[in-house]
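In what follows, a single structure is set out as structure tokens and then discussed.
The values are calculated or read from the model by the stated rules, or taken from the named source; none is laboratory data. Given the structure is predicted, the values throughout are model-derived calculations rather than measurements. Ideal geometry is used to build each Cβ from the backbone, glycine not excepted, and the neighbour counts take in all protein chains shown. Ligands, DNA and RNA are stripped out before the accessible areas are found, and what is left, the full protein with its side chains, is counted by its heavy atoms. Shrake-Rupley method; radii C 1.70, N 1.55, O 1.52, S 1.80 Å.
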Amino acid sequence: MATETAVKPLTAFGYVTFDVVGTLIDFEGAIKDGLAEIAAKEGIDVDGEAALSGYREARYEPGAGLFPDDLGRCYSRIAEAFGLPDTEEYRQLMVERVGDAKPFADSAEAMAKLKARYKLIAMTNARRWAFDKYAEKLGNPFWAGFTTDDTGCEKPNPDYFRQVFDYVGKDGGSKDDILHTAQSQYHDIGISRELGMTNAWIQRRHAQKGYGGTIEPKEYTEPDYHFHALIELADAADAAFEG
């Protein structure tokens, strides 16, 4: 579904920027699968949603480290809570499982459709090694890609966004030519609004309670566009361009 109060039509943009982890890549599913694999080996039951809450709390501690390398340290917190062995083997298993996380079912198709309409730019809080894997699984649709290794900071830091604005500026565009697309209210939708961007919220967890593995925002930001799946944005863009 899309809101009817969008600032600009979808035909007005030349670029679409994307949060990757959580919007295009199912990192929550990868965390649950990794923990389920460990739990099965140890004969212990683990509530996946509760584990995501534990991950969220550990992830955003000061000095937490960069995603998905931080999964090792975060696993230690989850292991303590659920009685799982905290071993280097299991820490590394979690890093690898999340580094190999799969796209959502609609992501690759939607990105291919959007690539025909816009220049696509990745803006991920993941490290470059993981992003390269994710991009390949998505069909390498990106015109440009920014990671924490490139920017030296994480979203929602405004400096991350400004580096992307500068890059687009060198191509002759501006932030007014960008549609920022993401599932995280905290990392993306709120700050993109503050910076004067048009945004599209992909509410991946619309059928689930809570914020899962993503930090809860202090306040909800009403997006310019609101969809439950990325393919809905791609279809809406096709419809807009085809008139």
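Here are a few things to note about the model shown:
- Residue list for the range 54-82, restricted to those being open to solvent by 40 Å² or more (accessible area, probe 1.4 Å) and in a helix (DSSP H, G or I): 56, 57, 73, 77, 80, 81, 82
- Verdict on residue 113 being more than 21 Å from residue 156 (Cβ to Cβ), touching a residue at least 60 places away in the same chain (Cβ under 8 Å) and open to solvent by 70 Å² or more (accessible area, probe 1.4 Å): no
- Put simply, of 13, 18, 27 the only residue that is aromatic (Phe, Trp, Tyr), over 20 Å from the mean Cα position of the chain (by Cα), buried (at least 17 other Cβ atoms within 10 Å of the Cβ) and at pLDDT 95 or above is 13.
- Residue match in the range 138-156 (condition: polar (S, T, N, Q), free of Cβ contacts under 8 Å to residues at least 24 places away in the same chain and assigned to a helix (DSSP H, G or I)): yes
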